[in-house]
Amino acid sequence: MKLKSGNLNFKRTYRSIVFFFPLQLLFLYFRRNFALLVFWALLFGIISESVLVNFGIPALFLAPEYLDEVDFISFLILGVATGTFIMAFNVSSYMVNAYHFPFIATLSRPFFKYTINNFFIPLSFIVYYIYQSVEFQSVNEFLSEKEIIINILGFLAGVFGFMIIFLTYFFTTSRDAAHIYHIKEDNKPRGLTKPVRVILKKDMEWKLVNSPREQGKWKIETYLRTPFQIRRARYYHHYTPEMIQKVLQQNHINAGIFALGILLTIMLLANFMDNPYIVIPAAASVLLAFTLFILIFSTLHAIFKEWSLLVLAILIVAYNILSQNMFSDYTNSAYGLNYNIHKDKKVLEIAYPDSIYKADHDSALIMLQNWKERNFSGRKYDLKPKIIFVNTGGGGIKAAIWTFYVLSKVDSLTGGQLLSRTTLITGASGGMVGAAYLRELYLQKQLGKIESYYDNKYISSLSKDMLNPIALSFALKDWFIKRKRYEYNGQMYYKDRAYAFEEKLNKNTGNVLDKPLKDYREPEMKAMIPMMILTPTIINDGRKLLISSQKISYMLENLKLSSAEKFPLSNVEFLRAYEEFGASDLRFTTALRMNATFPYVTPVVTLPGTPQLNIMDAGLTDNYGLSTSLRFLYEFQEWIGKNTSGVIFIQISSDNEDYFDDSKGAISRFIKPMGNVYSNLFNNQIVNNQQLIEFSENWLQSNATFIRFSLRTSSDRIPLSWHLTTKDKQTLFNALRSEENQNSVKEVIKIIQ
């Protein structure tokens, strides 16, 4: 008997553990609710710094920034967003899975009890997040223990504060079967009199979400009554399936109200995103988007069950078709261009007679002569100046800061000679943003508007976060039908994440870049500032779109070939192709954005006319701008050979790691052919540029020196992002002190002086 009793006790214990409600819920997710786990898997991957690391996404979660500060408020907002997502997960799980566990209908406050038992994944996330965030704040933001503790308290206050408010609402609306049907506490239903049966029948005039056969497939022995109390599951078989369904379905309306509240919150935030106080941390925007998506999916699952994925796919396809054929607000415009005129204008069918080429060529010679006069002042005739070309690579905000920092420091060490000797700046993405900002400050110094362009406040402003408004727009607005517009140069454009990018860039740079392209024509012609050519990629056919304040037909590589009429021009000149659309009025920050259109961060720009050209990052064709500089040098090699003592190429690269794939697994081999094409994109460009340099030696009429400044000297990886941590910025500034970069500084100073 003792043996039997022991076996019985062991069996009960075993069943109590195996059929423990939280454990069974976890099993259920992996078996039938994998879609609900996808969001959690992504979030765990982000905070563990296992996914999206190269784009700096983990930093947005582990050290959220609000109003340019990482503090209690920023963590509080992220905590509220996290709490919102957790409750959306609980509501969705309840709607999708509650019918598997009919015993819930016997519990008081059934949704609250369900939430307690659904703790494993959310609680694991909170604990792991705190662990990761504490370390991240200490290592990457250099915060003190006191500051870190305050920030974590802010996060916890946001998470549990929202959950308490939310659950309080559900407490007042969520009832068990005993309250709904007046069942006695002895678990035996009272006799249902005829009037009660009539009322019950009236209340049940709806189709059951699930058939009675599907209910109760997951057996439960024990559950958490409170976070610290375990109870045995109640007997529920004396309830009819309709009664159980009524209890479980009562919270579907509450879930709908919750989803509506989230949608209204998103619309409110999106509608007032111009207010800096509304621009919440980027991670919070992502979590709110996840919240809405998970609620939409659970609603579809509750209605369509196993057909939900098919219905979701149909809705996505329908949404895509409508966005193409009915809505015009899903394409992004180039601010300053007029999209309402000459819609049938053939933008690629432009004639280039010799007279146009000669006029542009002669105009450039005048600019070069002005450059010569500015740099010959006070020199003996036999001491010809060196002419400088600056090529800067892409890489988000790290490239912008690195380019600005290198050029400003070297220029200060040469007594202002670096920018004065520079005749052309080319490149891609963030590098051109930093160069354009410094060039504008250099111009303002000459116009007497500022005292010095070396002040640290400028690079400090440039290094401020730019992702928060972009993330807010992308996650909460851009996939809706956009309605808010703004006016620029008499034209109306939709507000989206492209608008958010430019507005934040202008704010960070004191609005000095907020001017039309034509405003740089005269300063460039007078050689007050270096000429700048932006070369975003036309993704329709892979050609470059050459954007400059000057007309530059001489940069069209096969223009003078005898067989040119048989082939399209290798590049497209923006000013002439879009002259009738107001090309000179293009907003300069838009030109910079087109040159830095990284996928999903800023949208692809669609230009007017026929065909509609779609424009993306210059890095797709030439991330370093060298081919553009060499083309200019080739065109004016005779003049440069006669009037200068040589050419200096300043190459600024923000790449801080080499890519080399040595993976050997079967899956890696399967995805390697396509994955490596993208990963090696910039490496291939480096190889091609080296070949161009070797070829140029055959026709170059003056000696050329290539001087490189690179972040590759740093062992700490800086992500490709528009947001950097304090450590990232420190790493970037320290990189100029490396032996390699210091040698480059000395070489520039020696050659110039």
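The values are calculated or read from the model by the stated rules, or taken from the named source; none is laboratory data. Fair warning: this is a prediction, and the values are worked out from it, not measured in the lab. Glycine also receives a Cβ, built like all others from the backbone with ideal geometry; neighbour counts cover every protein chain displayed.
What residue, among those in the range 425-435 that are out of contact with any Ser or Thr (no Cβ under 6 Å at 6 or more places or on another chain) and not in a helix (DSSP H, G or I), is modelled with the highest pLDDT?
It comes out as I425.
Let me confirm something: among Y600, Y659, which residue is modelled with pLDDT under 85 and on the phi > 0 side of the Ramachandran plot?
Working: Y659 fails: on the phi > 0 side of the Ramachandran plot.
Residue meeting the stated conditions: Y600.
Kindly indicate the residue of the range 718-749 that is among the aliphatic types (A, V, I, L, M) and in a loop (DSSP other than H, G, I, E, B) and also surrounded by the most Cβ atoms within 10 Å (Cβ to Cβ) among those meeting that condition.
So the first thing to find is which residues in the range 718-749 are among the aliphatic types (A, V, I, L, M), and the list is 718, 720, 724, 732, 735-736, 745, 748-749.
So of that shortlist, the ones also in a loop (DSSP other than H, G, I, E, B) come out as 718, 720, 724, 736.
Details: I718: 28, L720: 21, L724: 25, L736: 18.
The residue in question is I718.
Go through the range 573-620 and give me each residue that's of a type in the set (S, T, N, Q) and either out of contact with any strand residue (DSSP E or B) (no Cβ under 7 Å at 6 or more places or on another chain) or surrounded by fewer than 21 Cβ atoms within 10 Å (Cβ to Cβ) (or both).
In the first step, residues of the range 573-620 are kept if they are of a type in the set (S, T, N, Q); the result is 584, 589-590, 595, 597, 602, 606, 610, 612, 614.
Once the filter is applied, which keeps residues that are of a type in the set (S, T, N, Q) and either out of contact with any strand residue (DSSP E or B) (no Cβ under 7 Å at 6 or more places or on another chain) or surrounded by fewer than 21 Cβ atoms within 10 Å (Cβ to Cβ) (or both), the range 573-620 yields S584, T589, T590, T602, T606, T610, Q612, N614.
Residue check: is F581 at pLDDT below 95, more than 30 Å from I57 (Cα to Cα) and in the same structural domain as Q444 (by TED's automatic domain parsing)?
no
Every residue in the range 28-50 that is over 21 Å from A313 (Cβ atoms), hydrophobic (A, V, I, L, M, F, W, C) and either assigned to a loop (DSSP other than H, G, I, E, B) or touching a residue at least 24 places away in the same chain (Cβ under 8 Å) (or both), please.
L28, W40, L43, F44, I47
Taking only pairs six or more apart or across chains, which ones have beta-carbon atoms under 6 Å, a first residue in the range 701-726 that is farther than 17 Å from I397 by Cα, and a second residue that is at pLDDT below 90 and buried (at least 20 other Cβ atoms within 10 Å of the Cβ)?
Short answer, once both residue conditions are applied: none.
Of all residues being surrounded by 15 or more Cβ atoms within 10 Å (Cβ to Cβ) and of a type in the set (S, T, Y) in the range 49-80, which is nearest to A399 (Cα to Cα)? Just the residue, please.
That would be Y66.
Any residue in the range 389-414 that's part of a strand (DSSP E or B): show its pairings with residues that are small (G, A, S) at Cβ separation under 6 Å, as long as the two are six or more apart or on different chains.
F389/S629; N391/G427; N391/G625; N391/S629; T392/G427; T392/G431; T392/A435
Do we have R497 as under 28 Å from I615 (Cα atoms) and over 26 Å from the mean Cα position of the chain (by Cα) here? Spell out the reasoning first.
Details: under 28 Å from I615 (Cα atoms): yes; over 26 Å from the mean Cα position of the chain (by Cα): no.
So R497 does not fit the description; no.
Can you name the residue in the range 453-476 that is out of contact with any helix residue (DSSP H, G or I) (no Cβ under 7 Å at 6 or more places or on another chain) and of a type in the set (S, T, N, Q) and is also surrounded by the most Cβ atoms within 10 Å (Cβ to Cβ) among such residues? Give the derivation first.
Initial filter on the range 453-476 (out of contact with any helix residue (DSSP H, G or I) (no Cβ under 7 Å at 6 or more places or on another chain)): 455-457, 460, 465.
Adding the requirement that they be of a type in the set (S, T, N, Q) leaves 456, 460.
Details: N456: 8, S460: 12.
That would be S460.
Of G83, G56, which residue is of a type outside the set (A, V, I, L, M, F, W, C) and within 22 Å of the chain's Cα centre (by Cα)?
G56
One residue is enough: does the range 569-576 have a residue meeting the conditions at pLDDT 90 or above, of a type in the set (D, E) and in a helix (DSSP H, G or I)?
no
Could you give every pair whose Cβ atoms fall below 8 Å, whose first residue belongs to the range 101-128 and is of a type in the set (D, E, K, R), and whose second residue is in a helix (DSSP H, G or I), counting only separations of at least 6 or pairs across chains?
Matching pairs, first to second residue: R109/F170; R109/F171; K113/I104.
From the list S654, S629, which residue is within 33 Å of the chain's Cα centre (by Cα), more than 28 Å from V53 (Cα to Cα) and surrounded by 24 or more Cβ atoms within 10 Å (Cβ to Cβ)?
Values: S654 fails: more than 28 Å from V53 (Cα to Cα).
Unique residue meeting the criteria: S629.
Out of all the residues in the range 582-618, which are closer than 16 Å to A435 by Cα, assigned to a helix (DSSP H, G or I) and in contact with a helix residue (DSSP H, G or I) (Cβ under 8 Å, 6 or more places away or on another chain)?
Within the range 582-618, F588, T589, T590, A591, L592, R593, N595 qualify.
Could you please find all residues in the range 695-717 being assigned to a helix (DSSP H, G or I) and either on the phi > 0 side of the Ramachandran plot or at pLDDT below 85 (or both)?
Taking the range 695-717 as the starting set, the residues that turn out to be assigned to a helix (DSSP H, G or I) are 695-696, 711-713.
Within the range 695-717, F695, S696, R712, T713 qualify.
Each row is one residue, and each column tells you yes or no for (1) in a helix (DSSP H, G or I); (2) at pLDDT below 90; (3) under 25 Å from S549 (Cβ atoms); (4) not polar (S, T, N, Q).
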| residue | (1), (2), (3), (4) |
| --- | --- |
| N468 | yes, no, no, no |
| I481 | no, yes, no, yes |
| Y493 | no, no, yes, yes |
| F501 | yes, no, yes, yes |
| G510 | no, no, yes, yes |
| R521 | yes, no, yes, yes |
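Among all residue pairs at least 6 apart or on different chains, which show Cβ distances below 9 Å where the first residue, located in the range 280-301, is without any contact (Cβ under 8 Å) to a residue 24 or more places away in the chain and the second is part of a helix (DSSP H, G or I)?
That search, which allows pairs on different chains as well, returns L300/W307; L300/S308; L300/L309; L300/V311; L300/L312; L300/L315.
Filtering the range 86-99 down to residues that are of a type in the set (S, T, Y) and buried (at least 24 other Cβ atoms within 10 Å of the Cβ), which residue is farthest from the chain's Cα centre (by Cα)?
Looking at residues that are of a type in the set (S, T, Y) and buried (at least 24 other Cβ atoms within 10 Å of the Cβ), I get Y99.
So which of K384, K372, K398, K409 ends up being of a type in the set (D, E, K, R) and under 19 Å from A596 (Cα atoms)?
On the way: K384 fails: under 19 Å from A596 (Cα atoms); K372 fails: under 19 Å from A596 (Cα atoms); K409 fails: under 19 Å from A596 (Cα atoms).
Every option except K398 fails the conditions.
crowded, with 17+ Cβ neighbours inside 10 Å and touching a Ser or Thr at 6+ places or on another chain (Cβ under 9 Å): which single residue out of F103, F155 fits that description?
Values: F103 fails: touching a Ser or Thr at 6+ places or on another chain (Cβ under 9 Å).
So the residue among F103, F155 that is crowded, with 17+ Cβ neighbours inside 10 Å and touching a Ser or Thr at 6+ places or on another chain (Cβ under 9 Å) is F155.
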